[in-house]
Amino acid sequence: MARIFGVNIPRRLNRKLVVVLVVLLLIIVFFQLTGNSLDDDEEWYKHPNIYFKELTCEHDDFTIKLFDELTKKLGRMFEELGISYFLCYGSLWGALKFQRTLPWDRNIDICVIYHQIATVDEQKLYSAFKQAGLNYYYNSRRGKYIVNYKTVSAEITVFEKIGNHVERIGWEKRLFPHLYLNFQNFPYQLVDKDLPRIKFNNLDVPVPHQEFEIQKYLYPENWWKEVKPKGCL
């Protein structure tokens, strides 16, 4: 006999109960992870009041200036490290439509390819961020660097080349590949060699080939629309 919560439980049932509890715990963890999966990166568009005290639909001059500075710092850092980079996600929309960060966007989106950034020693990368006056941490779940500069930020998302296309990295993608099957991957040729540059935050920044083409893979359901956060319509 074993006592659980003051109740005598036969040992045979006790083992079964432990197994059931473990299975239930794993199920809860699974749904917590998938419920807060990659799609939640865009949840703030639908419910910005949950994520931010005050919704910004148009950046003030000071914030625009900080985005300019952060863009220059990141661009200089990547070039000194010999890492190719390119605008992606919301920042690519901003560059193609406004030549700057989207008026309602909360950060700068930059993408890099894993086999390039992996050649840089972690200590060297840390020193580069520090020298640029940037704080950062690596989100291993989603395979991205979160960079903070004063009151603005950037996300550096890492993709790995697999055959003729690239995919997101991160342990979430390894555990739940079905979350990434229909998006978060695109042909490698879109970001391979001699990337064009366009104006973004007062700097000429690399972008993928064929302008909007990459967005068809990253936003397959609405790439042709201008989607604003709820409250900025």
*Rg/Rh ratio calculated on Cα atoms of the range 79-233 (Kirkwood radius)*: 0.94
_Using a 1.4 Å probe on the protein heavy atoms, what percent of the accessible area of the range 154-228 belongs to carbon and sulfur?_
49 percent
*asked:* Between Ile146 and Ser84, what is 0.36 nm times their sequence separation minus the Cα-Cα distance? Round to one decimal in nm.
replied: 20.5 nm
*Near Arg100, within a Cβ-to-Cβ distance under 9 Å, what is the net charge of the other residues, with Lys and Arg +1 and Asp and Glu -1?*
0
_Normalised convex hull volume, the range 164-233, alpha-carbon set, Å³ per residue_ = 146 Å³
*Which pairs in the list Lys97/Lys230; Lys73/Lys193; Lys173/Lys199; Lys161/Lys216; Lys65/Lys130; Lys173/Lys230 are over 24 Å apart, alpha-carbon to alpha-carbon?*
Lys173/Lys199; Lys173/Lys230
*Taking the mean number of other Cβ atoms within 10 Å as a proxy for protection, how do you rank 219-225, 98-104 from highest to lowest?*
98-104, 219-225
*In nanometres, what is the gap between the two model label sites at Thr56 and Glu69, each 7 Å from Cα along Cα-to-Cβ?*
1.3 nm
*Which peptide among 81-89, 196-204, 57-65 comes first, and what is the full order, when sorted by highest mean count of other Cβ atoms within 10 Å?*
81-89, 196-204, 57-65
*Assigning unit charges at the beta carbon (Lys, Arg +1; Asp, Glu -1) and nothing else, what dipole magnitude in debye, to the nearest 20, does the range 141-229 show about its Cα centre?*
320 debye
_Quick check for you: with a 1.4 Å probe and neighbouring chains kept, what is the accessible area per residue of the range 109-203, in Å²?_
52 Å²
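The values are calculated or read from the model by the stated rules, or taken from the named source; none is laboratory data. Please read all numbers here as calculations on a predicted model, not as lab measurements. Positions of Cβ are backbone-derived with ideal geometry, glycine not excepted, and every protein chain shown enters the neighbour counts. What goes into the accessible areas is simple: the full protein's heavy atoms, side chains included, and nothing from ligands, DNA or RNA. Shrake-Rupley method; radii C 1.70, N 1.55, O 1.52, S 1.80 Å.
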